[in-house]
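Encoded as structure tokens, the structure appears first; notes follow it.
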Amino acid sequence: IPPHRGELMYPIPGHLAFAASSARFFKVSIPVAVIASFVPDVIDKGLNDLLQITPYGRYFMHSIPSVVVCSVLVGWLWGKESGWGWFAGHATHLAGDLGSFLPLWMPFVQYDWPPDKNITLYAITNPFRHLFSPEMLSELMMGIWTLALFRFARNADRFSRVQQLICYTGIWAYGLLRVWLG
């Protein structure tokens, strides 16, 4: 079954934009945030799409309890800044996936899982099919907002901080608009 609109590819630039901009804005570890923004898909889609042992490609790592547990664990192992960096990346991953099915309160709530769509297999077998799709163009826009944020992040003066805030707000507003439009 091919994925529905909005689920045609991994939103890598969008997840990267949310994670890196949040980490930069809140002055926490950017590398940890970026890693944390990819871990939910690596684990959950790996368990579902590749090993076929979970009912859906968004499982426990796409839940609020997993954000808390992982952030605390990373903070305990590698320090407070890394823990907050993990929180920024993992939480923004969930924010980027809003608008489609998420088991946000797993394991405390039982969910009726939607039909399984092997997005990994679909992406591998159709890598260029959606290269110029609206979804891909919106992901590119998220990447551009992120580059703009880092361009204005070089200086710590008040004007640069305002520009950072504008870019950060743009990333979130654009992401929320994308979720709202579905």
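Residues considered: ILE43, ILE53, ILE35. Of these, the only one that is without any contact (Cβ under 8 Å) to a residue 24 or more places away in the chain, part of a helix (DSSP H, G or I) and not charged (D, E, K, R) is ILE43.
Would you confirm whether or not the range 100-113 contains a residue that is among the β-branched types (Val, Ile, Thr), open to solvent by 50 Å² or more (accessible area, probe 1.4 Å), farther than 14 Å from ILE43 by Cβ and modelled with pLDDT under 95? Within the range 100-113, one or more residues are among the β-branched types (Val, Ile, Thr), open to solvent by 50 Å² or more (accessible area, probe 1.4 Å), farther than 14 Å from ILE43 by Cβ and modelled with pLDDT under 95. If you go through the range 62-94 and keep only what is open to solvent by less than 20 Å² (accessible area, probe 1.4 Å) and hydrophobic (A, V, I, L, M, F, W, C), you end up with VAL67, VAL74, ALA88, LEU94. Here's a check for you: in the range 8-31, which residue that is of a type outside the set (Gly, Ala, Ser) and either within 13 Å of the chain's Cα centre (by Cα) or open to solvent by less than 20 Å² (accessible area, probe 1.4 Å) (or both) is modelled with the lowest pLDDT? Here the answer is MET9.
The values are calculated or read from the model by the stated rules, or taken from the named source; none is laboratory data. Note that the coordinates shown come from a computational prediction; the quantities given were computed from them, not determined experimentally. Neighbour counts run over all protein chains shown; Cβ positions are idealised from the backbone, glycine included. Ligands, DNA and RNA are stripped out before the accessible areas are found, and what is left, the full protein with its side chains, is counted by its heavy atoms. Shrake-Rupley method; radii C 1.70, N 1.55, O 1.52, S 1.80 Å.
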